1. Over all directions, average the projected area of the Cα convex hull of the range A:295-430 and note it in nm².
2. Put the label 7 Å from Cα along Cα→Cβ for residue A:418; what are its distances to the other copies, in nanometres, shortest first?
3. Could you give, in nm with one decimal, how far residue B:380 is from each other copy of that position, shortest first, with labels 7 Å out from Cα toward Cβ?
4. Report the Cα centroid-to-centroid distance between the range A:55-93 and the range A:353-423 in angstrom, as an integer.
5. Roughly how tilted is helix B:104-120, in degrees to the nearest 10 and between 0 and 90, from the longest Cα axis of chain B?
6. So what is the calculated 222 nm ellipticity per residue for chain B, using -39500 (n - 2.57) for each DSSP H run with n of 4 or more, over all residues, to the nearest 500 deg cm²/dmol?
7. Report, in degrees rounded to the nearest 10, the 0 to 90 angle that the Cα long axis of helix A:199-213 makes with the longest principal axis of chain A.
8. Under the definition of partner shielding as Cβ atoms of other protein chains within 10 Å of a residue Cβ, what is the mean value for peptide A:129-135?
């Protein structure tokens, strides 16, 4: 066999980067015994000198030194962020390097361009670690399910928000307290805005949707809601009604329409996704041959992510050694269009905050009825004349457009004291 | 690019074979667009002429015609059984063909020899469909988790038995009635002996254990129990105590000892594996980097299995086109020894069938105590003097060897009227 040595340059040695380097060094021998390939970490860079210090012997002074190094075959990019990482990756591809990255924001924005450039240069892009940590969902969609027409993907894709929702459920804590706990335990970044707004979940569902449908939509084209606004009272009412609240990324395909959205969902407690607790992730996939399939695992943490990075590095190493470049295209069967969010139909959970006086329910119900929204059940527990109290309502299936219009009207009523909380209720997701 | 056409010969066109052929023909175009590879089914054989008739244009008169055909790159073996399939596969490897098979009995018996021969001839063996249908567990263990030291695999790996246990739970039916229903619905073979004795599960856990530990143990070396003997009364008592009964394949590694066993297990209802119903399969995996991971999906059926066969065919096609042969070794980190079954320790569920008279419980308890088995709880509901009634007992952790010895002694007591039912209770499996 020809040269069976692959040299790796690592840019970024934070949690994932340093864990990857340490794990790969520890496991170098066993990987060689399994694959016949010797994988060396040859250069490491991080702009933070403290982080870099732990890998002194391997460290270089700039990312460019790694990109320009002729001996390096694969660059592992673990710095995160978009613009600078994008620039680095394009330069590296230009120099004939394959890339392994965990950067979901980047792939969900520039994936198409990056893959096209890589294909032109006969190099490979590994991005398993960008979605759901250790769960091999990208490889499974790309390779294991390659024969399938994938019709549905549902994912709990963000450990931070799932942890917060679990905390609120089990300990009755407020959103803010749960977020503080998440930060204390290292499950949330100092700035968790991407997580709790749903944007991180959106990046990930866009990537999964891209692989399985061949079309990469932009985050600006889809509806993204986070878990802001959900209060313990919602968790409790949902619980009483037999539901859990989870933040889902949803991608559903029907004919040439695809529906991609991110928002909290009331899921029946018997639904397997409602059992996914804490920082764990899960992805449910439906396809024409596989039927229903679910993956569950750790969504975060250095070890989980570096398991996926190592897998990508080895896969690409094999391909580099094979020399013959093999195409890998994400193909859409139809000319897919994004279904406008206003046209989706689900059941709904509403929490109105209304003055407790006669006639209030009649007013709300009339507006809903006028907008073709029919009520399934109503709960109003507190009895507190002239005070604002929560009124919980579940509806039959209704159109998003009608719901938005109705709630806008309802929220203008004088008896309504706070913006109404809307959570979609998905009963037939599996 | 050089020759990007791969020719397939199919031997065996029963449920999986015919589904594979039809699916691959339908999906040929999209696979070509995704990979650049044209995959042709060029020859098909089945010894059953009726089955073969549906693929008349492709049919040949013998398996040998396929093996000897110089244009065929990959042979898909879907006949099942051991000896004849083994002979065919060795001949095909000798002729330089790669193999894709769903044959778990074969791989669990002759996997080591087959892989060695294949490696000598620089050909590939795909066997994803041999375990858990559409679930990509083999690829995940081989490739996605390649960096991990896998410490535990637990699987619901047989759809037939899981269906029977679900039926008994939900409909209160007897084992025999549930088995009849399974047969009627096509979920059980005419001869379901491999399923209900646990042997099919054993083949599969041996394969998974092999991939993850590098050592293929023989079915004769491990303890295998099926679901024979489990009665609705056990399902009901388990339910009352908060448990479900499931048939599990278990492989646990600790230092240089590995424990592989197949038997029914009482699982807490909160355990994610206890939610796997009907013909579905699930595999739980623990590793040093991935932490805890679970795969769930359809374990049987032509489409599910052929999804995995197609995936293997495409992977091998890419490798064939790449020309450069890449090793793939299953490696054990330590020199693994099988832990004797008698040395395992779990909690236990016993169902004694004893004459209902004073002193019986004292006799049973004394024997258990003498054998270091301490009782956690006892249920005896029926009160029927001088008749044999069920006595249910849960124990604390005890050694299998002691349990066997104690139950042997207890079953010799005059007051005991039927062999005692023993089901292991695994609470800390995840």
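1. On the way: hull surface 55.8 nm².
Directional mean of the projected Cα hull area for the range A:295-430 stands at 13.9 nm².
2. 5.8
3. Distances between equivalent label points, in nm: 5.8.
4. 55 Å
5. Relative to chain B, helix B:104-120 is tipped by roughly 40 degrees.
6. On the way: 13 runs with 156 residues, N = 430.
Value at 222 nm, helices only, nearest 500: -11500 deg cm²/dmol.
7. Result, in degrees: 70.
8. Details: counts 0, 0, 0, 0, 4, 10, 6.
Across A:129-135, the average partner-chain Cβ count within 10 Å equals 3.
Throughout, read-outs are computed from the coordinates displayed, never taken from laboratory work. As the structure is a prediction and not an experimental result, all values here were calculated from the model. All Cβ positions, even for glycine, are placed from backbone atoms using ideal geometry, and neighbour counts span all protein chains on display.
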